[in-house]
C-alpha cells in the first residue's frame, strides 16, 4: 500500500489518508478520517521520538576552527567566492567539494548516505517524470545559524521569469526528513552556500525584504526519470530563473544516463523566458556546465543569469534512466502581494526542529 503524506491530506491535494491500521466496519466518513489521521500522527510521533533519541550531533563549524584543514578550506572558499562575485556564477568539481565539506565538519560516513538519500523521494505534484521532496531553512545572520522552518506550500510565478504549465500554482510537496537534514555532508553544503553568498550585492527582486538579516532557503531533493514512454526534463520550463537571489545545484548520482545529458546553459538575462534551448540565441549564452560527478556544484546569481537544462537521455533506451540532485533556492523573505505572501513563514519546524551554526566571510 502506498503511503500518502498527511501534509498533502491536510492541504487537500492527495487521495484519502493512509490507513495505518484496518478501520472497523460501521465507521462513518468523518470517523474514518479522524481515525486515519490519528493513526498517522501516532506513527509519525513514535518514529520521530526514536529518531530524536538516536540523533547525532549537528555540524558545528566553530569546532572546526582549530584544524589546519579548516583554514585551507576557507582560503579556497574565498577564491571561489571572488570568482562567484566577478562572474555571477561558479562551478565547483565534486572532487574539490569533498575536502571542503569535510573541513567544515562533514563526517566520512555521511557522504555515501547523502548520495543515496533520494531513494526515499515520492511523486511530484505536477510533473510525472519527477520524484521530489522539499524543505525550508533560514539563514539567520542575527543568530549566525541555519535552522529548519515549518512546512509551507510552494509557488513560482511568470512574473519571476518562470513560465510553465504550473506557473502561479500553489504546489504542495512532501517534506524532506531527518535522513537528509541530519546528514552532516548536507549541513556542510548549507554552510558552504552561506559562506559563498552572504554579503554579496545582487540585482534586487521586487517584493523581497532586502532590509531583513534573514534569508529563506527552499531545498528540493529531486530525481528526474526517463522511461521508454517518457522523457525526463530537469527544466521543462526552458529558459528561466528560479525567482530567488542565489541558486545552488548539487549532483548526487545518476543511472543509465548518457554523457551528453542534463547540460546546464547560462543565458543573458535578456534572453526570452520560456523558450526551448534550441530556440535560444547562441550569442546570449554566457556559460555552460554539466554535473557528472558526486557533489559537482553550480552557483548562479539567479536574477542576473537565466538558465536552461537539456533532457536526461537513457544509454539503454529500454530501461529507466535517473538523475538525482539537490537544489538550494535562497532569497530574502517576501513582502506585500508577492505570490508567496502568506506561505513564507519564518517559524521553526516544530516536529523536525534543527539548528546549527553558520558563518560569514563578509565584513557586515
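Every read-out reported here was derived from the displayed coordinates using simple, explicitly stated rules and does not represent laboratory data. The structure displayed is predicted, hence computed values, not measured ones. So basically every Cβ, Gly included, is an ideal-geometry build from the backbone, and we count neighbours across all protein chains shown.
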Inset, instruction - Sort 215, 141 so the one with the fewest other Cβ atoms within 10 Å of its own Cβ comes first. - result: 141, 215
Inset, instruction - Show me 220-231, 293-304, 203-214 ranked by packing, highest mean number of other Cβ atoms within 10 Å first. - result: 293-304, 220-231, 203-214
Inset, instruction - For an R0 of 22 angstrom, estimate the FRET efficiency from the Cβ-Cβ distance between residue 229 and residue 165 and round to the nearest 0.05. - result: 0.70
Legend entry - Computed lengthening from residue 288 to residue 317, 0.36 nm per intervening residue step minus Cα-Cα distance: 7.8 nm
Inset, instruction - Give me the number: length gained by fully extending residue 158 to residue 347, i.e. 0.36 nm times residue separation minus the C-alpha to C-alpha distance, one decimal in nm. - result: 65.3 nm
Inset, instruction - Please give the length that would be gained between residue 85 and residue 126 if that part of the chain were fully extended, namely 0.36 nm times their separation in residues minus their C-alpha to C-alpha distance (nm, one decimal). - result: 11.3 nm
